[in-house]
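The values are calculated or read from the model by the stated rules, or taken from the named source; none is laboratory data. Computed from a prediction, not measured in an experiment: that's the story for all the values here. Cβ sites come from the backbone with ideal geometry, for glycine too, and all protein chains shown count toward neighbours.
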């Protein structure tokens, strides 16, 4: 069975502030999301994770590389020919309030993908929408309400129902809980887990919140300035990060109990401008382990980590003190 | 009926200025509709024996230099005000809204082209441009309407485009594409209904502007001519008598014009208040 999503060597650059200058958002990113799996894509703002998510569901196009969804190459398809394929690749956006049409009822919003991918008649659609509403634990009477009458958590449930209603192979979730209260957040994450078990959908979960990753991810991919720094099973990456950047990222997570503090790794040094990336390791300018060799060539992803010193650094587990 | 009354009361309370403007505009509209029934005399009947008669019991607002009843002519003039401004608004919106919608949605060179074209319309002083075009194309009422409407298109393009850009930024377009919408459906079902707020708020203001510009053109002598009962033309005709003391010929149609323009502006203010999302909050 083919993977739900396969990205090969994705490069994306946006026109910069002047002619001839480009913002290098993604620099040769390859990844696979298998059926029914949750991959967390983590990184700080500007790392290119949202762009990658948008390319995966072809809301944006890559400049180089290929996008394959469930065995179908979608890289060169036009907006119109992508349309029928949208049923199998869906996205849940960060801000449900801005993405739902305020003049259309909740029922109409969830039903819309079914109408557009037109395989069901009106009765069957209505039944599906009601079933979906129940799955995301919303009352059926919300069907006739409008987005303005719902809370943020309810709206995000609506967005999730809308994304899953066509039973897609892949759902990209772009920080779906970052606009929600902490209590609602846990609820939504739990709901997503349940839905995934039920539908067997693959999730590409974009987030910068390590706590969320702990709750939901099977695998983790760490992105920095448009390149993958580290990749691996969630448990092992969280327990023993091998890339210096991953270590710094994990150390920034707040402790579970008040007063409990981890040894925070503070990053010094400038982030290279995405307009003019260094030829070597993009993280070298901020890395406490950097040696001159780091600036020479961009490290390749070897056994899940893109760092020429990962082996030596791995022998210093004293990082957390 | 009870609910209608309660709604009216709520409207007056929430925007008293807008409600007052609406009341005056409606009054003018009724006058325009029922001018033949309300006018004591035919608007272009010349009473040869009472030229420039001062206001009295027979001629409430006096008569003009041709001996026509000023009051009746003012009532009929409302027909010109609405007869010009409503088609102007219709043409301006029918052309401006789709251009704004497509420019905002497509972006890129389409947007750039639309903006430059609208800039061309905006850099000319509107009266001068209208004057030149009407003078060149012929002084018919239809030409006056078309010229003013073309100048209006730019306004509607701008307000609709701005709202489409906001919707784009909020992710509504992406979400609509993601759901599988074809382009026409994104434009008509998702963007159009949510990008008309600014255009609606502009309607009375643009109407006031159309009334003002058409009267100005008539005053300069372009477009509608005496003896047609048009306020601008009436003011032009009456202006020569102001010095000699027959103030009613110019001043009274002028007052009628000013009150309508102010009322329309008040209505526009009230409408923008009502349509302001920050004021309305998230409740419907």
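The figures follow:
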item: Of the criteria (1) surrounded by fewer than 20 Cβ atoms within 10 Å (Cβ to Cβ); (2) assigned to a helix (DSSP H, G or I); (3) within 14 Å of another protein chain (Cβ to nearest Cβ), which one residue A:178 fails; result: (2)
item: In segment A:86-99, the residues that are facing chain B (nearest Cβ under 7 Å) and touching a residue at least 24 places away in the same chain (Cβ under 8 Å); result: A:86, A:87, A:90, A:91, A:93, A:95, A:99
item: Of the criteria (1) away from chain A (no Cβ under 14 Å); (2) within 30 Å of residue A:57 (Cα to Cα); (3) surrounded by fewer than 18 Cβ atoms within 10 Å (Cβ to Cβ), which one residue B:140 fails; result: (2)
item: Candidate set from segment B:167-180 (those that are within 7 Å of chain A (Cβ to nearest Cβ) and touching a helix residue (DSSP H, G or I) at 6+ places or on another chain (Cβ under 6 Å)); member that is farthest from residue A:164 (Cα to Cα); result: B:170
item: Every pair of residues 6+ apart whose Cβ atoms lie under 8 Å, when the first sits in segment B:128-148 and is free of Cβ contacts under 8 Å to residues at least 12 places away in the same chain while the second is assigned to a helix (DSSP H, G or I) and crowded, with 17+ Cβ neighbours inside 10 Å; result: B:137/B:143; B:137/B:147
item: Count of residues meeting criterion [assigned to a helix (DSSP H, G or I) and buried (at least 23 other Cβ atoms within 10 Å of the Cβ)] in segment B:210-233; result: 10
item: Failed criterion for residue A:104 (all others in (1) more than 11 Å from chain B (Cβ to nearest Cβ); (2) farther than 30 Å from residue A:252 by Cβ; (3) modelled with pLDDT under 95; (4) out of contact with any helix residue (DSSP H, G or I) (no Cβ under 7 Å at 6 or more places or on another chain) hold); result: (1)
item: Test: residue in segment B:181-196 that is away from every other protein chain (no Cβ under 14 Å), in a helix (DSSP H, G or I) and surrounded by fewer than 20 Cβ atoms within 10 Å (Cβ to Cβ); result: no
item: Residue within segment A:229-239 that is in contact with a helix residue (DSSP H, G or I) (Cβ under 9 Å, 6 or more places away or on another chain) and surrounded by fewer than 17 Cβ atoms within 10 Å (Cβ to Cβ) present; result: no
item: Subset of segment A:130-150 [more than 10 Å from chain B (Cβ to nearest Cβ) and either within 26 Å of the chain's Cα centre (by Cα) or in contact (Cβ under 8 Å) with a residue 60 or more places away in the chain (or both)]; result: A:132, A:133, A:134, A:135, A:136, A:137, A:138
